[in-house]
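The values are calculated or read from the model by the stated rules, or taken from the named source; none is laboratory data. Quick caveat: nothing in here was measured; it's all calculated off a predicted structure. Positions of Cβ are backbone-derived with ideal geometry, glycine not excepted, and every protein chain shown enters the neighbour counts.
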Amino acid sequence: MAFAPPSLGKLFSILHWQTRIFVEKQLAHTGLTWGEFHILMRLYARQQMTQSDITRQLHITKATTCKMVAKLENDGYVTRERCPRDGRTFSIRPTAKALEVREMLRSISHRWNDLLLAPFSPEEQEVLLQTLSRLAQRAVKANAGERTEET
């Protein structure tokens, strides 16, 4: 019987769902969702983003972004204002309430990364993260119809 390598899709699915379960358990008392967690983490890094920026960076649909931002705004975590330069665009900023939970959200992310990466040496961690980044970039390009061959 020949060895069949595991499917990348299956492995990524397991990692995705296990990560989501971990994060959602940690967020349960806040009322925040998995998607909202990711939007806030992006906002912490940039302090201000347009809805289009969020859509592009998280690789989600405009409708999904709009729905999550509206909930975050309704719950007091972000403000959404029309951009003065382009009235069709909204600028999203974290509120004081969002900044109050920043360290907790960062801690959730760090704890999960530390838990998963603990068995690997620093060198192995670096290679793993670089390899996964390359795979993610190729996946995005492939779904956008771009050439993915390395030159």
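Is it the case, given these coordinates, that THR30 is at pLDDT below 95 and in a helix (DSSP H, G or I)? Break it down stepwise before answering.
On the way: at pLDDT below 95: yes; in a helix (DSSP H, G or I): no.
No; evaluated as a whole, the condition is false for this residue.
Taking the range 16-49 as the range and being over 26 Å from ILE92 (Cα atoms), surrounded by 12 or more Cβ atoms within 10 Å (Cβ to Cβ) and among the hydrophobic types (A, V, I, L, M, F, W, C) as the test, only PHE22 passes. Among the residues making up the range 115-145, a single one is in a loop (DSSP other than H, G, I, E, B) and in contact with a helix residue (DSSP H, G or I) (Cβ under 9 Å, 6 or more places away or on another chain): PHE120.
Table: residues versus (1) over 23 Å from ASN143 (Cβ atoms); (2) not in a helix (DSSP H, G or I).
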{"residue": "MET41", "(1), (2)": "no, no"}
{"residue": "ASP53", "(1), (2)": "no, no"}
{"residue": "GLN57", "(1), (2)": "no, no"}
{"residue": "THR65", "(1), (2)": "no, no"}
{"residue": "LEU72", "(1), (2)": "yes, no"}
{"residue": "PRO84", "(1), (2)": "yes, yes"}
{"residue": "ARG88", "(1), (2)": "yes, yes"}
{"residue": "SER91", "(1), (2)": "yes, yes"}
{"residue": "ALA98", "(1), (2)": "yes, no"}
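Take the conditions (1) modelled with pLDDT under 95; (2) of a type outside the set (Val, Ile, Thr); (3) in contact with a strand residue (DSSP E or B) (Cβ under 9 Å, 6 or more places away or on another chain); PRO5 misses just one of them, which is (3). Of all residues in the range 72-87, none satisfies being within 20 Å of TRP17 (Cα to Cα) and touching a residue at least 40 places away in the same chain (Cβ under 8 Å). Within the range 89-105, the set of residues being at pLDDT below 95 and within 9 Å of TYR77 (Cα to Cα) is empty.
Whether any residue in the range 106-121 is at pLDDT below 90, closer than 20 Å to LEU15 by Cβ and β-branched (Val, Ile, Thr) is what I want to check. Within the range 106-121 (the criterion being at pLDDT below 90, closer than 20 Å to LEU15 by Cβ and β-branched (Val, Ile, Thr)), the answer is no, since none of the residues qualifies. Among the numbered conditions (1) assigned by TED's automatic domain parsing to the domain that holds HIS38; (2) free of Cβ contacts under 8 Å to residues at least 12 places away in the same chain; (3) surrounded by 15 or more Cβ atoms within 10 Å (Cβ to Cβ), the only one that LYS62 does not meet is (3).
Apart from one condition, VAL101 fits all of (1) surrounded by 12 or more Cβ atoms within 10 Å (Cβ to Cβ); (2) in contact with a helix residue (DSSP H, G or I) (Cβ under 7 Å, 6 or more places away or on another chain); the exception is (2).
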